[in-house]
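Written below as structure tokens is the structure these notes are about.
The values are calculated or read from the model by the stated rules, or taken from the named source; none is laboratory data. The structure presented is a predicted model; accordingly, all values stated were derived computationally and were not measured. Please note: Cβ atoms are built from the backbone with ideal geometry, for glycine as well, and neighbour counts cover all protein chains shown. Side chains are part of the model used for accessible areas, which takes the heavy atoms of the whole protein and leaves out ligands, DNA and RNA. Shrake-Rupley method; radii C 1.70, N 1.55, O 1.52, S 1.80 Å.
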Amino acid sequence: MSLRVHPVLFLSIPRLQRIVSARMRLLVLGSGAGGGVPQWNCRCPNCTQAREERDLPFSKNVFRHTQASIALREAGEPWLLVNASPDLCSQFARQAELAPPEGAMRASPLAAVALTDGQIDHATGLLFLREGTELTLVCTDPVWKSLGSSFPIVSVLRHFLPVNRLSYPAQVGSLLLEALPLRAGPAPYEAPSGESGHVVALRVTGKKSGGCVVYAPGLPEISSELADFVAGSDCLLVDGTFWSEEELAPMSRERRRSILGSHLPISGPGGTLEWLAKLPIPQKLYVHINNTNPILDPGSPPAKEVKEAGVGIAYDGMLLSLYSPHS
Ligand SMILES: [Zn+2]
């Protein structure tokens, strides 16, 4: 539980109402890595369990995770979607929060889509927004270039609707979006490039609520720049792709090297759990969790270790309210 809850007990009713109504909302649409859980061609224990529980309602099947994406909004404003997963249509269908606003037969619940990279599991869902009247995309230069060339999603979308682009830092309604380029190269289908910004960590700050969220679903390293970037945030969602390198054993050496270059494991010295455990941030969550990761089983020793370190495991449909008591 956040220590920031306690000051609320001493507030007047009008101040309390203002804080409750002015909170930033964060909705986890999907918490799995590329392929989700179950992945169509995988018989690992997590995928098998997710398949066995397929008749349970989605909220009761703890093993099932669609591909990672979150949405954020300030009170009274449309949503900012962060990454557009290939599961976008089913994610929107399940969330009443993402229903189109009342008043017209067709209206978008989205103000914009921000991307942390332009890869398949974070950009493919853009194609399913083609029914809209226009799309605002926030991304870095290398991602914008990629989506117009080697993975030409924007080129395709422009046959259906205008696509406007903003670069970081950007203002979307009352949300300020800032990006920290990470040391990760281009996607495998792109030409090698020394350009930075293929993958970023995203920080979203709400002007109304004062709430601040950092989302980093692909984290190749923990740097001093990253430590500065996350400092003072209310909620940090971090790459939980792998527990350890052992999960990559069945893959080819080349694929292993490429994945490890993009995703730091959770466990062990230098892993993300060691770092997160020491961070004085009220909400710390793993997201973008691969189907092979043992933390997906709530009864597993790794899941317990994560919990004991004060870090949560994001799940599909998780809804958080954030505010800064100093705003
Ligand atoms: Zn699996």
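Report the equivalent ellipsoid semi-axes for the chain in whole Å, largest first, defined as the square roots of five times the eigenvalues of the gyration tensor built from alpha carbon atoms.
28, 26, 21
Give the aspartates and glutamates reachable from K60 as a straight Cα distance under 20 Å; neighbours fewer than 8 places away on the same chain don't count.
Hits, sequence-local ones excluded: E52, D87, E97, D297, D316.
Tally Lys and Arg at +1 and Asp and Glu at -1 over the other residues with C-beta under 15 Å from the C-beta of E97: what net charge comes out?
Charge balance near E97 sits at 0.
Quick one: net charge of V287's neighbours, Cβ under 13 Å, K/R +1, D/E -1?
Taking every Cβ under 13 Å from that of V287, the sum is -2.
Please report, in debye to the nearest 20, how large the charge dipole of the chain is about its Cα centre when each Lys and Arg carries +1 at its beta carbon and each Asp and Glu carries -1 there.
In total the dipole reaches around 600 debye.
About its Cα centre, what dipole magnitude does the stretch 106-238 give when the only charges are +1 on Lys and Arg Cβ and -1 on Asp and Glu Cβ, stated in debye to the nearest 20?
The dipole magnitude comes to about 480 debye.
For the chain, what % of the accessible area comes from carbon and sulfur atoms, probe 1.4 Å?
Roughly 56 percent of what the probe reaches on the chain is carbon or sulfur.
Provide the gained length on full extension for the span A231 to L260, in nm with one decimal, where the gain is 0.36 nm per separating residue minus the Cα-Cα distance.
Once the chain is fully extended between A231 and L260, it gains 7.9 nm.
Would you be so kind as to identify which of S108, G240, V213 lies farthest towards the positive end of the dipole of the stretch 24-322, taking Lys and Arg as +1 and Asp and Glu as -1 on Cβ and the Cα centre as origin?
Going by the Cα projections, it comes out as S108.
Count charges around V204 for me, please; just the other residues with Cβ under 14 Å from its Cβ, Lys/Arg as +1, Asp/Glu as -1.
Combined, the nearby Lys, Arg, Asp and Glu give +2.
Could you tell me which of V37, I313, T124 has its Cα farthest along the dipole of the stretch 24-322 towards the positive end, charges placed at Cβ (Lys, Arg +1; Asp, Glu -1), taken about the Cα centre?
So the residue we want is T124.
According to the square roots a ≥ b ≥ c of the eigenvalues of the Cα gyration tensor, what is the shape class of the stretch 196-273, taking rounded for a/c under 1.5, prolate for a/b larger than b/c otherwise, and oblate for the remainder? Display every interim value, and only then the final one.
Numbers: a/c = 2.66, a/b = 2.22, b/c = 1.20.
Prolate, because a/c is 1.5 or more and a/b exceeds b/c.
Heavy-atom accessible area per residue, the chain, 1.4 Å probe: how many Å²?
Counting only protein heavy atoms, the per-residue value for the chain is 47 Å².
Quick one: which residues, 5 or more positions from V199 or on another chain, have an amide H under 5 Å from its amide H? H modelled 1.01 Å from N in the peptide plane, none for Pro or chain starts.
Those qualifying (amide H under 5 Å, at least 5 residues apart or on another chain) are L182, A184.
Stretched out fully, how many nm does the piece from S223 to E245 gain, at 0.36 nm a residue minus the Cα gap?
Roughly 5.9 nm would be gained on extension.
Nothing charged except the Cβ atoms of Lys and Arg (+1) and of Asp and Glu (-1): what's the magnitude of the dipole of the stretch 243-327 about its Cα centre? Round to the nearest 20 debye. Mind showing how you got there, number by number?
Details: 8 positive and 9 negative charges, 40 e Å.
In debye, rounded to 20, the stretch 243-327 gives about 200.
If R₀ is 25 angstrom, what is the calculated FRET efficiency for the pair L56 and A309, using the beta carbon separation as r and rounding to 0.05?
Computed FRET efficiency for L56 and A309 comes out at 0.30.
Enumerate by residue number the GluC sites (Glu not before Pro) in the stretch 187-263 meeting two conditions: DSSP loop (anything except H, G, I, E, B), and at most 15 other Cβ atoms within 10 Å of the site's Cβ.
E195, E221
Which ³J(HN,Hα) values, rounded to whole Hz and listed in residue order, are derived for the stretch 22-38 from phi using the Karplus coefficients 6.51, -1.76 and 1.60 in 6.51 cos²θ - 1.76 cosθ + 1.60 with θ = phi - 60°, glycine and proline given as x?
Residue by residue, the stretch 22-38 yields 9, 6, 7, 9, 10, 10, 8, 7, x, 10, x, 7, x, x, x, 9, x Hz.
How high is the FRET efficiency from S155 to S90, r the C-beta distance, R0 25 Å, rounded to 0.05? Please report the intermediate quantities before stating the final value.
Working: r = 25 Å, r/R0 = 1.02.
With a Förster radius of 25 Å, E is 0.45.
Report the full-extension gain for the segment R253 to E131: residue separation times 0.36 nm, less the Cα-Cα distance, to one decimal in nm. Intermediate results must be reported in sequence, preceding the final value.
Details: separation 122, 0.36 × 122 = 43.92 nm, distance 4.13 nm.
Result: 39.8 nm gained on full extension.
With unit charges on the beta carbons (Lys and Arg positive, Asp and Glu negative) and the dipole taken about the Cα centre of the stretch 24-322, which residue among S224, V156, L296 sits farthest to the positive side?
V156
Once phi is turned into ³J(HN,Hα) by the Karplus curve 6.51 cos²θ - 1.76 cosθ + 1.60 with θ = phi - 60°, what whole-Hz value does each residue of the stretch 262-275 show in order, with x for glycine and proline?
10, 9, 6, x, 6, 8, x, x, x, x, 6, 5, 4, 5
Rounded to the nearest 500 deg cm²/dmol, what is the calculated helix-only ellipticity per residue at 222 nm for the chain, with -39500 (n - 2.57) per DSSP H run of length n ≥ 4?
Dividing the helical sum by the residues of the chain leaves -5000 deg cm²/dmol.
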